[in-house]
Amino acid sequence: MTSEYDGVVYDLDGTLVRLDVDWEAVASDVTTVYREAGVSPDGRDLWGLFEDAPEHGLRDPVHEAIAHHEREGARTSDRLPLADALAEDYRPIAVCSLNCEAACHIALETHGLSDHVRAVVGRDTVATYKPHPEPLLTAVSAIDRHPRSVVFVGDSERDEQTARRAGTDFEWV
């Protein structure tokens with residue numbers, strides 16, 4: 001990563017750590033939330049169910065079903081090589097993740113990275129989530145930087161799209 005930026009915002013899962021989450025089990029639990037509420041999951045995938053949950057009054061129970069697995073998976077997550085670069089970086093650093101904020105904090109603490117990160121913005125920190133630009137712009141603001149002076153580092157097309165929408169540069173892991 002080049003040093004031309006005044007700050008760095010990292011995605012979490014797949015970038016700094018790999019959460020130990022069985023996503024099929026998460027999808028099963030979310031499907032159960034729908035069924036118990038008398039709402040058909042209609043063969044939608046996990047994120048489709050997540051996105052549709054508010055219209056069925058299931059936002060909170062669906063979020064909690066996902067967040068439970070993320071928090072547990074953060075405790076047994078694997079540290080990825082880029083985490084070492086984060087720990088050695090002198091610039092202001094934030095994390096912007098599609099995972100819940102609590103799981104981000106747990107993973108950072110588990111891997112000794114909390115002291116190096118000024119701000120964490122998770123899926124539940126603001127009203128929107130990636131690829132909407134608000135979470136990334138919130139992270140950028142929290143480290144007192146301008147979007148053009150920051151690079152967002154991630155591992156997915158969603159991360160790249162988020163950076164483009166927020167006006168930050170993007171770098172693939």
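Rule-based calculations on the coordinates, nothing more; no lab input. Keep in mind the model is a prediction, meaning the values are calculated, not measured. Don't worry about glycine lacking a Cβ; one is built from the backbone with ideal geometry, like all the others, and counts go over all protein chains shown.
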State the antiparallel share, in %, of DSSP beta bridges confined to the chain, rounding to the nearest 5. 10
Using helices alone, I'd like the mean residue ellipticity at 222 nm for the chain: each DSSP H run of four-plus residues gives -39500 (n - 2.57), total over residue count, nearest 500. -13000 deg cm²/dmol
Relative to the first principal axis of the alpha-carbon coordinates of the chain, what is the inclination of helix 157-166, with its axis defined by its Cα atoms, in degrees from 0 to 90 and to the nearest 10? 60
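Between beta-carbons, use under 11 Å as the cut-off and find the net charge around residue 126, counting Lys and Arg +1, Asp and Glu -1. Walk me through the numbers on the way to the answer.
Details: positive: 123, 130; negative: 101, 124, 134.
Net of charged neighbours comes to -1.
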Mean-position separation - Cα centroids, the stretch 1-38 and the stretch 118-138, in angstrom: 13
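For the chain, what is the relative contact order in percent, using Cα pairs closer than 8 Å and at least 6 residues apart in sequence? Each step should come with its number before you reach the end.
Numbers: 305 pairs, mean separation 48.1, N = 173.
Value for the chain: 28 percent.
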For the chain, longest principal axis from Cα atoms; helix 23-36 axis from its Cα atoms; angle between them, nearest 10 degrees, is 40
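Loop-only chymotrypsin sites (Phe, Trp or Tyr not before Pro) in the stretch 74-172, please: DSSP not H, G, I, E or B, and at most 10 other Cβ atoms within 10 Å.
Details: sites: 90, 129, 152, 170, 172; in loops: 90, 129.
Of the chymotrypsin sites (Phe, Trp or Tyr not before Pro), the ones in loops of the stretch 74-172 whose Cβ has at most 10 other Cβ atoms within 10 Å are 90.
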Helix 101-110 versus the longest principal axis of the chain: what angle, 0 to 90°, nearest 10, using Cα atoms? 60
